[in-house]
Amino acid sequence: MKTTGAPQYRRILVKLTGESLGGKARLGISPGAVHRMAEQIREVRDLGVEVVVVIGGGNILRGVQASQRGIERATADYMGMLGTVINALALQDALERMGIATRVQSAITMHQIAEPFIRRRAVRHLEKGRVVIFGGGTGNPYFSTDTAAALRANEIGANVILKATKVDGVYDRDPQRNPRARLYARVTYVEALRKELKVMDSTAFTLCMDNRMPIIVFNMFKPHMLRRVVLGERVGTLVTA
C-alpha cells in the first residue's frame with residue numbers, strides 16, 4: 001500500500017483484545033487472525049514508528065467470568081494473565097516470521113519464554129527498532145489489561161493509546177443493538193465519564209485522564225486501519241482533555 005504523509009506519533013501503544021487473535025469464533029488462536037494483526041503492526045513499524053503492544057487474553061480465559069463460575073477471583077485473574085502471555089508469544093512469532101525483531105516482556109516472571117518487564121530495557125528495545133509486546137497484564141489480580149495498557153503507556157512515554165476494537169469507535173449507545181447509535185469523532189474525558197461511554201474500565205480511564213494520555217478507539221478488523229490512524233486520518237474516536 002502506498003505511503004502518503006508522515007506519521008503523527010513517534011511512539012504508540014496498541015491495545016489489542018484477545019478476541020482479535022481468535023478469528024471469527026473469537027476463541028483460541030487463529031493463525032490467520034494473528035497474521036492480520038501482525039501485518040497491520042508491520043505497516044506502522046515500516047513507517048519508523050516505535051510500537052508497543054498490550055494484549056488481552058479473552059480468547060483463552062477471562063478472569064472475571066471464570067470467577068463467576070466458581071474459581072477464586074485472584075486465581076482466575078492469574079490464569080487470565082497467563083493467557084495474555086500465550087497470545088503475546090503467538091503475535092511475536094507472526095511478527096518475527098515477517099522479519100520484525102520483537103521482544104515479549106511479562107509482568108509475571110517466566111525467564112524461559114519472556115523477559116521480565118523492565119521499563120528502561122523496553123525503551124531501549126524501542127530505540128533499536130524492535131516491537132515490544134507486554135504480556136501478563138499488570139502482574140496483579142483485580143486489574144484489567146486496559147489498566148495494564150494505561151500504566152505501560154505512561155511508563156514508556158507513549159504519545160497515544162490506540163485501542164483496537166471490533167466497532168468503528170465510541171458510540172452513544174451499543175451500535176450492534178441500536179442502528180441509530182451515533183459515533184463520536186471526539187470526546188473529552190469528562191464527557192466520557194458523564195455519559196458513561198465505557199471507553200475503558202474506570203481504573204484505566206482515570207489513569208489516562210490524570211496523565212492526559214490521549215486514546216483513539218478504532219476498528220482494527222478493517223485492513224490498514226492502524227496505519228490510517230498513525231498517519232493522522234480522522235477515523236475512530238479521539239478521547240482527550
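Of everything in region 207-227 that is under 16 Å from T145 (Cβ atoms) and in a helix (DSSP H, G or I), the residue that is farthest from the chain's Cα centre (by Cα) is L207.
Within region 188-195, is there a residue that is buried (at least 18 other Cβ atoms within 10 Å of the Cβ), closer than 30 Å to H35 by Cβ and of a type outside the set (G, A, S)? Within region 188-195 (the criterion being buried (at least 18 other Cβ atoms within 10 Å of the Cβ), closer than 30 Å to H35 by Cβ and of a type outside the set (G, A, S)), the answer is no, since none of the residues qualifies.
Pairs linking a residue in region 6-23 that is of a type in the set (D, E, K, R) to a residue that is surrounded by fewer than 24 Cβ atoms within 10 Å (Cβ to Cβ) and assigned to a helix (DSSP H, G or I), with Cβ atoms under 8 Å and 6 or more positions apart or on different chains, are R11/L126. Please indicate, with yes or no, whether at least one residue in region 145-153 is in a loop (DSSP other than H, G, I, E, B) and either among the aromatic types (F, W, Y) or touching a residue at least 12 places away in the same chain (Cβ under 8 Å) (or both). Scanning region 145-153, I find no residue that is in a loop (DSSP other than H, G, I, E, B) and either among the aromatic types (F, W, Y) or touching a residue at least 12 places away in the same chain (Cβ under 8 Å) (or both), so the answer is no. Contact map, region 194-206: residues that are closer than 15 Å to A241 by Cα paired with residues that are aromatic (F, W, Y) and part of a helix (DSSP H, G or I), Cβ distance under 8 Å, separation 6+ or inter-chain. Pairs shown: V199/F205; F205/Y189. Note on region 1-57: residues that are assigned to a loop (DSSP other than H, G, I, E, B), among the hydroxyl-bearing types (S, T, Y) and surrounded by 14 or more Cβ atoms within 10 Å (Cβ to Cβ) amount to 3.
Against the list (1) on the phi < 0 side of the Ramachandran plot; (2) surrounded by fewer than 22 Cβ atoms within 10 Å (Cβ to Cβ); (3) part of a loop (DSSP other than H, G, I, E, B); (4) within 16 Å of the chain's Cα centre (by Cα), the condition R177 fails is (4).
Every number in this text was worked out from the coordinates using simple rules, so none of it is lab data. Here the structure is a predicted model, which means the values were calculated and not measured. Backbone-built Cβ (ideal geometry, glycine too); neighbour counts: all protein chains shown.
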